[in-house]
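Q: This structure is in structure tokens; I'll ask about it shortly.
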Amino acid sequence: MKRYISYPRVEGDASRQAHADLPPGTYEREISKEGFFGPAAHLYHRHAPTGWIDFEGPLRPHAFDLVKLESAGASPWQAHEILANASVRLRFWRLAQSMPRLARNSDGDELLFVHQGEGELHCDFGHLAFAAGDYILLPRGTMWRLEVRAPVAALLIEATNASYTLPDKGLVGPHAIFDAAMLDVPRMDDAFRAQQSATTRWQVEVKRRGQVSTITYPFNPLDAVGWHGDLTVARINVKDIRPLASHRYHLPPSAHTTFVGSRFVVCTFVPRPFETDPGAIKVPFFHNNDDYDEVIFYHAGNFFSRDNIHPGMVTLHPSGFTHGPHPKALQNMLTQSKAATDEVAVMIDARDALDIAPAAAGVEWRGYVDSWKTPGATK
Ligand SMILES: [Fe+2]
């Protein structure tokens, strides 16, 4: 950590505890460094910082409806690119039938998030069944393919030129928010051995520097009879994530960090109880995520801080864009009618600006910036 100047001060009418006991009638906004880890200040505003009546210029939030994207092909390298920078590449892939060829990513580790569908993964390390809600972590260089039992829609999150690691769990220790022993790994079982003789000719599509090369074998190259080591494919389902929660304090999204890439993190929002302390806020605080571009993929449930968002959508809040709960959600800032959230969402926080790919631009909901407008307010 850098040696920032540290001088917590309190000026004017302010709470001394972030995210709790706000001066009556105020809205809290956080200005911070390093995501939620660096120096920060909390300002208590008379008006919601998203109560604009007009918003012009390029610093806009985006929402993309990936439900509208058709399948682009059976190869993950044909999947629609959505957002990308030099460190992370996000694709959305629909796969109706089993992959006819193997895939290999030589640009970086690939993290698959299975939004819909189920089937079998066959890879260098063996066989692993998968279903909706699974993260499948494929180390760079792994050959793999999916057999589809129910049509698959998946988010592909590439850690470009880097590897995924697990976050430092700090005070709560290594067994939160899932135990590494919960990670399922492929097995060299009967299903894996059966597919080895399924056909005599196989092709592998290798992606390197964004370009695809096709290698043809007169045999199935997924023909290992065994392996040893400490590198393999891993799978964890969102149902196996046990979120951190505090009844007295609204935890920042970083508490839900699931995987760490280079210059980005992947967090998972899963159902958790709302805070019950009367003074604790029960919705996200307003902020500009000044150091990060923030992406959320909505997988399932009702998204408690967002209006007009459905599963299969992606939002992008670029660094510098002030955001917080939508107007309807903001009404529940201090009192929630339900006991718990029921949302499942994947967040990607990227340290560097993300570019929007044409496929995403084609399914953008352009009215998203207006969704924070206070109903009835006019220019
Ligand atoms: Fe945010």
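The values are calculated or read from the model by the stated rules, or taken from the named source; none is laboratory data. Quick caveat: nothing in here was measured; it's all calculated off a predicted structure. Neighbour counts are summed over all protein chains in view; Cβ atoms, including those assigned to glycine, are modelled from backbone coordinates with ideal geometry. Accessible surface areas use protein heavy atoms only, side chains included; no ligands, DNA or RNA. Shrake-Rupley method; radii C 1.70, N 1.55, O 1.52, S 1.80 Å.
Q: Say whether the condition of being open to solvent by 30 Å² or more (accessible area, probe 1.4 Å), within 30 Å of Q78 (Cα to Cα) and within 14 Å of the ligand (Cβ to nearest atom) is met by at least one residue in region 358-370.
A: Looking through region 358-370, none of the residues is open to solvent by 30 Å² or more (accessible area, probe 1.4 Å), within 30 Å of Q78 (Cα to Cα) and within 14 Å of the ligand (Cβ to nearest atom).
Q: Are any residues in region 290-303 closer than 19 Å to K338 by Cα, within 14 Å of the ligand (Cβ to nearest atom) and open to solvent by 30 Å² or more (accessible area, probe 1.4 Å), and if so, which ones?
A: None - no residue of region 290-303 is closer than 19 Å to K338 by Cα, within 14 Å of the ligand (Cβ to nearest atom) and open to solvent by 30 Å² or more (accessible area, probe 1.4 Å), so the list stays empty.
Q: For region 310-343, what are the residues that are within 14 Å of the ligand (Cβ to nearest atom), in a loop (DSSP other than H, G, I, E, B) and of a type in the set (V, I, T)?
A: Within region 310-343, just T322 meets the criteria.
Q: Now, a different point. Can you pull out every residue in region 272-289 that is of a type in the set (S, T, N, Q) and open to solvent by less than 30 Å² (accessible area, probe 1.4 Å)?
A: If the condition is that a residue be of a type in the set (S, T, N, Q) and open to solvent by less than 30 Å² (accessible area, probe 1.4 Å), then N288, N289 are the ones that fit.
Q: Assuming S71 fulfils every condition listed in (1) touching a helix residue (DSSP H, G or I) at 6+ places or on another chain (Cβ under 8 Å); (2) of a type in the set (S, T, Y); (3) at pLDDT below 95 apart from one, which condition is it?
A: (1)
Q: Within region 210-228, is even one residue among the charged types (D, E, K, R) and outside any loop (DSSP other than H, G, I, E, B)?
A: no
Q: Moving on. Against the condition over 25 Å from L138 (Cβ atoms), among the hydroxyl-bearing types (S, T, Y) and away from the ligand (no atom under 16 Å from the Cβ), how does Y217 come out, does it pass?
A: So Y217 fails the test.
Q: While we're here: So L222 clears everything in (1) open to solvent by 20 Å² or more (accessible area, probe 1.4 Å); (2) away from the ligand (no atom under 16 Å from the Cβ); (3) of a type in the set (A, V, I, L, M); (4) in contact (Cβ under 8 Å) with a residue 24 or more places away in the chain except one condition, right? Which one?
A: (1)
Q: Right, here's the next one. Give the number of residues within region 246-284 that are more than 19 Å from the chain's Cα centre (by Cα) and either away from the ligand (no atom under 15 Å from the Cβ) or of a type outside the set (V, I, T) (or both).
A: Within region 246-284, residues that are more than 19 Å from the chain's Cα centre (by Cα) and either away from the ligand (no atom under 15 Å from the Cβ) or of a type outside the set (V, I, T) (or both) number 14.
Q: Do we have A194 as without any contact (Cβ under 8 Å) to a residue 40 or more places away in the chain and out of contact with any Asp or Glu (no Cβ under 6 Å at 6 or more places or on another chain) here?
A: It is true that A194 is without any contact (Cβ under 8 Å) to a residue 40 or more places away in the chain and out of contact with any Asp or Glu (no Cβ under 6 Å at 6 or more places or on another chain).
Q: If you go through region 157-188, how many residues are outside any loop (DSSP other than H, G, I, E, B), hydrophobic (A, V, I, L, M, F, W, C) and open to solvent by 30 Å² or more (accessible area, probe 1.4 Å)?
A: Qualifying residue count, region 157-188: 5.
Q: While we're on this one: Taking region 194-218 as the region of interest, how many residues are at pLDDT below 95 and open to solvent by 70 Å² or more (accessible area, probe 1.4 Å)?
A: So the count comes out to 5.
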